[in-house]
Amino acid sequence: MGKDMHVIVCVKQVPDTTNVRINPETNTLMREGVESIMNPYDEYALEEALKLKDRHGARVSVISMGPPQADVVLREALARGADDGVLLTDRAFAGADTLATSYAIAQAIKKINPNPDLVFFGKQAIDGDTAQVGPGVSEFLGCTLVTYVQALSVEGDTFTVETHMDEGTDVLEGKLPAVMTVVKEASTPRFASLSGWVGAKKAGLPKWGAADVGAVKEMCGLDGSPTKVVKIFAPPVKTGGIRVDGRAAPGEAVAAIVKALQDKGVVKS
Ligand code: FAD
């Protein structure tokens, strides 16, 4: 593996806030007045790809699916060092759930390169938050999936990864090709250089619709989305509760907790 290595990174444009507001009437995101950015986790995914470019001379392609103005995140990726990008944009993709999104992106990947060595995703998007698109695409590509990647090395067609688990770190080895989702513990994303921005602003960015990627209409957008959002709401903020400070007299604190549990009928007196 060397000059021929090809890595694809999927980047999503998201509102610059984790506090996404929902229109209660339509159950859709309210994007007005909120600046858009590259999904922060996708910056870590891009950085893993760029490190492979630094070490192995990999070609790095980026894909985003979104409205025409989502080309901004692709240009940002180019400015940081990606080689080329494609924007998937079409009214036929509107209303896509994670399954239809994964399908459209997988179709685009197959068109760019039916046999890429690695496809990177962020761990999750900060607006949708499902973390389903990476695994979904791996299924459509019929490709090995590794999630929560925090370190990666590639030798020949073998990869070794560290994955970030709740209880520690797993070290896994496998064969390329693979789809990976990347966590923030992986690295510090690089900044774009001024010359990078100049090149990125001028770069041609193809826009592909459903027909361009050979996507079946019934599997795209709302038509291809089995998920129905019945209701979206912010959970009520919990108030009240009893706070017991056990630092001075732990015995008294335990007694107070037991009494509170007895009063609520959780434990018998
Ligand atoms: P995650 O699965 O959390 O993202 C993981 C990673 O996948 C990201 O880090 C990124 O690398 C990649 N990724 C995710 N999305 C993209 C993308 N678009 N392009 C490139 N890479 C990506 N959203 C709308 O904007 N308009 C709608 O009309 C709409 N309708 C919906 C209808 C339904 C019934 C449902 C369930 C969802 C709808 N959504 C809509 C939300 C949309 O499905 C999700 O935004 C999208 O599928 C990605 O899911 P996620 O945000 O949870 O991403």
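Check region 246-267 and report whether any residue there is surrounded by 10 or more Cβ atoms within 10 Å (Cβ to Cβ) and either of a type in the set (Ser, Thr, Tyr) or touching a strand residue (DSSP E or B) at 6+ places or on another chain (Cβ under 7 Å) (or both).
No, region 246-267 contains no residue that is surrounded by 10 or more Cβ atoms within 10 Å (Cβ to Cβ) and either of a type in the set (Ser, Thr, Tyr) or touching a strand residue (DSSP E or B) at 6+ places or on another chain (Cβ under 7 Å) (or both).
Out of region 43-58, which residues are closer than 11 Å to Arg80 by Cβ, within 16 Å of the ligand (Cβ to nearest atom) and of a type in the set (D, E, K, R)? Walk me through how you get there before you give the answer.
Step one: list which residues in region 43-58 are closer than 11 Å to Arg80 by Cβ, which gives 43, 46-47, 49-50, 53.
Those still in the list that are within 16 Å of the ligand (Cβ to nearest atom) too: 43, 46-47, 49-50.
Correct list: Glu43, Glu47.
Please indicate, with yes or no, whether at least one residue in region 172-186 is among the polar types (S, T, N, Q), touching a residue at least 60 places away in the same chain (Cβ under 8 Å) and either under 30 Å from Ala100 (Cα atoms) or in a helix (DSSP H, G or I) (or both).
Applying the first criterion (among the polar types (S, T, N, Q)) to region 172-186 yields 181.
Next, only the ones that are touching a residue at least 60 places away in the same chain (Cβ under 8 Å) stay: 181.
Now drop any that are not either under 30 Å from Ala100 (Cα atoms) or in a helix (DSSP H, G or I) (or both), which leaves 181.
Yes, the conditions are met somewhere in region 172-186.
Test of understanding: among Ala186, Ala215, which residue is within 17 Å of Leu88 (Cα to Cα) and at pLDDT 95 or above?
Ala215
Just the residues that are out of contact with any helix residue (DSSP H, G or I) (no Cβ under 7 Å at 6 or more places or on another chain) and of a type outside the set (D, E, K, R), please, taken from region 148-171.
Tyr148, Ser153, Gly156, Thr158, Phe159, Thr160, Val161, Thr163, Met165, Gly168, Thr169, Val171, listed by residue number.
Within region 236-254, can one find any residue that is within 16 Å of the ligand (Cβ to nearest atom) and free of Cβ contacts under 8 Å to residues at least 24 places away in the same chain?
no
Only one of these conditions is not met by Gly221: (1) within 14 Å of the ligand (Cβ to nearest atom); (2) free of Cβ contacts under 8 Å to residues at least 24 places away in the same chain; (3) under 21 Å from Pro68 (Cβ atoms). Which number is it?
So the condition that Gly221 fails would be (2).
The values are calculated or read from the model by the stated rules, or taken from the named source; none is laboratory data. Computed from a prediction, not measured in an experiment: that's the story for all the values here. Glycine also receives a Cβ, built like all others from the backbone with ideal geometry; neighbour counts cover every protein chain displayed.
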